[in-house]
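Notes to accompany the following structure.
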Amino acid sequence: MKKIAFALIFVFGLFAFSGCSDAFEFKQDLTNYAMEIEYNDEDKTLSVRQTTDYVNSSDNTLDVVKFHLYANAFREGAKAKVVSVQNEEIAYPNGKSFGNIEINSVSLSEKEAQYSIEGEDENIICVTLAESLYPNESVIITFSYTVTLANINHRLGYGENAINLCNFYPIACMYEDGDFVCDLYNSNGDPFYSDVADYNVEISYPNSFVLASTGNIVSQQGDDITTTNITAQCVRDFGMVLSQKFEQKSKVYDQRITLNYYYYDDENSDQTLNLIEQAMQFFETNIGKYPYSQVSVVETNFVHGGMEYPNIVLISDQVADYETYTLCIVHELCHQWWYSVVGNNQFDYGWIDEGLTEFCTVYFFEKNSEYNRTMKDMIASATQSYVTFARVYESVQGEADTSMNRALDQFSTEPEYVYNTYVKGTLMFSSIYDTIGEKAFVKALKYYYEHNLYGIATPTIVIQCFSNGSGRNLRPIFESYLEGKVVIK
């Protein structure tokens, strides 16, 4: 999740049917998550009943199904760190705080099921099935659990201004090469990897709060307690933010997409809403149509610059200035295309979505001159920054590993991850842009998007799509960067 905004300030940083544009058809036979959630503001907990209609989309017969328990990374004694040491002060302004997820029960078709909490860090729940689940078959698994929120400015937790409710629920592990992918939480980047699914969510909370979320609001009612029903179709994840301080501005773009801006400290809110519209229009024009009917930009307490979820992006209220704030917004909105619609394994190949998103952000500012940021200047700044990093790193470590195809836990420090994923990723796509030209580059973007809608992109797919889309063999350029062979100076 860390989003970098380019002045090279590293900033890792409402309800109808969740429809799509006429150009899209959502995938069928998806896993469905139905959740009934009660938020208790007094003790900062979520009480949840989650019914998951899990579809076996693999070619293998399954006897168990595994789910990530990302909320357990916030518990006391967790091996995985949710923030790096250098960011702890920002993340924990009131001192260390902890949360967790407690599983109360698991059932299969209303009958008690066998399950175990496992993984290297109590990060996985493994549910034993009553009978084998064959390919394309489904099974209904119901969880009852309680999530306790930490006082932390992060994806999941409560802060001074808002409550971030992301990655709180058990989400099905991807199944690849005959096994479930069960990577640990990691403070570097976004340690998430998931398939698209459908969601039906009911959440109840005190009526003093305003809710922003993935999906579309179907109904909202209540007096002292507001109950909101949300649907989201064919989305890769589900996130929400609650705040008693939110103001909201909205507008409809192209008669298809409602643009929402939730904020509490923005003197330029009209200008920000216009930027949101401008960015959405630019990415639709140069990448492809946005297939959902709403997107929300949300100001919130957050340790990094921003974070993306389907239909909703979080922007930190601690960003230093408005210029950087706008950089974060454009970057996070671009993630609606790269990560949300076109997915990838963010744990193993963070450069796929982050590097491309960051370069597309540069491209946006190049083509919108009123922001006084040119591609030439931004790439020059990125180059100098990367060269400086490499020299310092070599002087300390003796040798710098500049390869990009590395999992999050293979980067020894957060800066090493940032420079080799965001900065070097930007320089790689800039090199491709310069080699094939703007027209061919945009053609390649559109080809890559069109051929991977709702799917999972791998390094091989990225290289093939950009080569096929542009009509050029781009493998040598990609490999020189990914393998750390290119000399940047």
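The values are calculated or read from the model by the stated rules, or taken from the named source; none is laboratory data. Values in this document were obtained by computation on a predicted structure and should not be read as measured data. Here the Cβ is made from the backbone with ideal geometry for all residues, glycine too, and neighbour counts use every protein chain on show. What goes into the accessible areas is simple: the full protein's heavy atoms, side chains included, and nothing from ligands, DNA or RNA. Shrake-Rupley method; radii C 1.70, N 1.55, O 1.52, S 1.80 Å.
Here are a few things to note about the model shown:
- For the range 301-320, a tally of residues being touching a strand residue (DSSP E or B) at 6+ places or on another chain (Cβ under 9 Å) and either surrounded by fewer than 24 Cβ atoms within 10 Å (Cβ to Cβ) or in a helix (DSSP H, G or I) (or both) returns 3.
- When restricted to residues that are closer than 22 Å to Asn344 by Cβ, hydrophobic (A, V, I, L, M, F, W, C) and not in a helix (DSSP H, G or I), the range 381-412 contains 3.
- Some residue of the range 148-162 being among the hydroxyl-bearing types (Ser, Thr, Tyr), open to solvent by 40 Å² or more (accessible area, probe 1.4 Å) and within 22 Å of Phe238 (Cβ to Cβ): yes
- Leu445 being touching a Cys at 6+ places or on another chain (Cβ under 8 Å) and either assigned to a helix (DSSP H, G or I) or buried (at least 22 other Cβ atoms within 10 Å of the Cβ) (or both): yes
- Hits in the range 401-426 (condition: more than 22 Å from the chain's Cα centre (by Cα) and either open to solvent by less than 20 Å² (accessible area, probe 1.4 Å) or of a type in the set (Asp, Glu) (or both)): Asp401
- For the range 346-369, residues that are assigned to a helix (DSSP H, G or I) and within 18 Å of Cys328 (Cβ to Cβ) total 15.
- Hey, Asn229 surrounded by 14 or more Cβ atoms within 10 Å (Cβ to Cβ), assigned to a strand (DSSP E or B) and over 22 Å from the mean Cα position of the chain (by Cα) or not: yes
- In a residue-by-residue description of the range 326-336, the property of being among the acidic types (Asp, Glu), under 30 Å from Phe26 (Cβ atoms) and part of a strand (DSSP E or B) applies to no position.
- Conditions (1) closer than 30 Å to Glu88 by Cα; (2) open to solvent by 10 Å² or more (accessible area, probe 1.4 Å): number failed by Gly178: (1)
- When the range 321-338 is filtered for residues that are open to solvent by 10 Å² or more (accessible area, probe 1.4 Å) and either touching a helix residue (DSSP H, G or I) at 6+ places or on another chain (Cβ under 6 Å) or of a type in the set (Val, Ile, Thr) (or both), nothing remains.
- Only a single item in (1) exposed (fewer than 14 other Cβ atoms within 10 Å of the Cβ); (2) part of a helix (DSSP H, G or I) is not met by Val252, and it is number (2).
- Within the range 183-208, tally of residues that are part of a loop (DSSP other than H, G, I, E, B) and either surrounded by 18 or more Cβ atoms within 10 Å (Cβ to Cβ) or among the β-branched types (Val, Ile, Thr) (or both): 14
- The listed residue being open to solvent by 20 Å² or more (accessible area, probe 1.4 Å), closer than 25 Å to Gly469 by Cα, of a type in the set (A, V, I, L, M, F, W, C) and over 25 Å from the mean Cα position of the chain (by Cα), out of Ile379, Ile436: Ile436
- All positions within the range 262-272 that are out of contact with any helix residue (DSSP H, G or I) (no Cβ under 8 Å at 6 or more places or on another chain) and either in a loop (DSSP other than H, G, I, E, B) or open to solvent by less than 50 Å² (accessible area, probe 1.4 Å) (or both): Tyr262, Tyr264, Asp265, Glu267, Ser269
- A search for C-beta distances below 7 Å between a residue of the range 102-130 that is over 23 Å from Leu184 (Cα atoms) and any residue that is outside any strand (DSSP E or B) and open to solvent by less than 20 Å² (accessible area, probe 1.4 Å), counting only pairs 6+ apart in sequence or on different chains, returns Ser107/Ala113.
- Condition check for Ser243: hydroxyl-bearing (Ser, Thr, Tyr), at pLDDT 95 or above, over 21 Å from the mean Cα position of the chain (by Cα) and open to solvent by less than 80 Å² (accessible area, probe 1.4 Å): no
- The listed residues are Leu275, Leu259, and the only one of them that is surrounded by 18 or more Cβ atoms within 10 Å (Cβ to Cβ), assigned to a strand (DSSP E or B) and at pLDDT 95 or above turns out to be Leu259.
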